[in-house]
């Protein structure tokens, strides 16, 4: 098992890409903290994936809740080896000036500020341990943006670049930082990206992907598993596109 003896925290892990990552990590031997806004869903997912997983609730955009969650995870596991910043939101696909200020603030708070808060909570622990792994879930939206998602695109561009910046700064301390850039996938956010979930909209999204299909949680989990495993010990500062060729 590729993560045997490791401990991991995955945010936004009760559904979508996060659930796929958490389940795969557990299957590969890691003890996983399933963090989500909804405690009942987090605990249900933890029970489903097994392997000593625990459910933890937190709003990743709020320091008081992130700090409390970090205390819970470290008390349960004693250490943390892998942090996956997966939690994310989007505004509905629409003209950029139709997005409200509140929606804009939420997108950047959840998608970008959360990475700052989680780093504040766990980087000191990684330093004390002599190393750790951070994986941020960016997006192809931050590389090859789609119209109608201007502010979401910008938030994911920030995640992609932030991952490289963190990698350079933290490398001397043995902390690796990478990112994944998934193409649109079969997750609860898909309808938001499309504006409305219709066969025609799905066909248009699929047509933009050379391999001809949307991504799945398992696609993303497989890539996350590699980057968070010791097999990737020489990889840091990478933004790996899991996109069926969309960014080519």
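Ranked for footprinting exposure by Cβ neighbours inside 10 Å, fewest first, 41, 215 give 41, 215. The value for segment 51-150 of Rg(Cα) / (2.2 N^0.38 Å) is 1.26.
Quick check: the angle from helix 16-27's long axis to the longest principal axis of the chain, C-alpha only, nearest 10 degrees? Once rounded, the angle reads 30 degrees. What is the distance in Å between the Cα centres of segment 125-144 and segment 199-243? Distance between centres, Cα-based: 16 Å.
Explain nothing, just the number: relative contact order of segment 137-202, from Cα pairs under 8 Å at least 6 residues apart, as a whole percent.
Values: 63 pairs, mean separation 21.8, N = 66.
33 percent.
Dividing the mean sequence gap of close Cα pairs (under 8 Å, 6+ apart) by how many residues segment 122-248 holds gives a relative contact order of 32 percent.
Can you check what the Kirkwood hydrodynamic radius comes to for segment 7-242, Cα pairs only, in Å to one decimal?
Values: mean 1/r = 0.0565 Å⁻¹.
It is 17.7 Å.
Annotation for residue 222 and residue 144: the two label points, set 7 Å from Cα along the Cα-Cβ direction, are 1.9 nm apart.
Report, for segment 7-242, the % of DSSP beta bridges that are antiparallel, rounded to 5. Mind showing how you got there, number by number?
Working: 0 of 27 bridges.
Looking only at bridges with both residues in segment 7-242, the antiparallel portion is about 0 percent.
Estimated from helices alone, the mean residue ellipticity of the chain at 222 nm is -13500 deg cm²/dmol (sum of -39500 (n - 2.57) over DSSP H runs with n ≥ 4, per residue). The mean sequence separation of alpha-carbon pairs under 8 Å and at least six residues apart, normalised by the residue count of the chain, gives a relative contact order of 20 percent. Stretching the chain fully between residue 96 and residue 120 yields a gain of 5.5 nm (0.36 nm per residue, less the alpha carbon separation). Put the Cα centre of segment 41-104 next to the Cα centre of segment 14-33 and the gap is 13 Å.
Within the listed set 162, 74, 214, the residue fluctuating most in the Gaussian network model of the chain (springs between alpha-carbon atoms under 10 angstrom) is 74.
Here the simple spin-label model places points 7 Å from the Cα toward Cβ, and for residue 186 and residue 230 these points are separated by 3.4 nm. Volume of the convex hull of segment 193-248 (Cα atoms only), normalised per residue: 102 Å³.
Order by neighbour count: 25, 104, fewest other Cβ atoms within 10 Å first, most last.
Exposure proxy ranking, most exposed first: 104, 25.
If you plug the beta carbon distance of residue 197 and residue 161 into 1/(1 + (r/R0)^6) with R0 = 25 Å, you get a FRET efficiency near 0.25.
Only the coordinates and a few stated rules stand behind these numbers; no lab work does. Small disclaimer: the values here were computed from a predicted structure and weren't measured. Note that each Cβ is placed from the backbone with ideal geometry, even for glycine, and that neighbours are counted across all protein chains shown.
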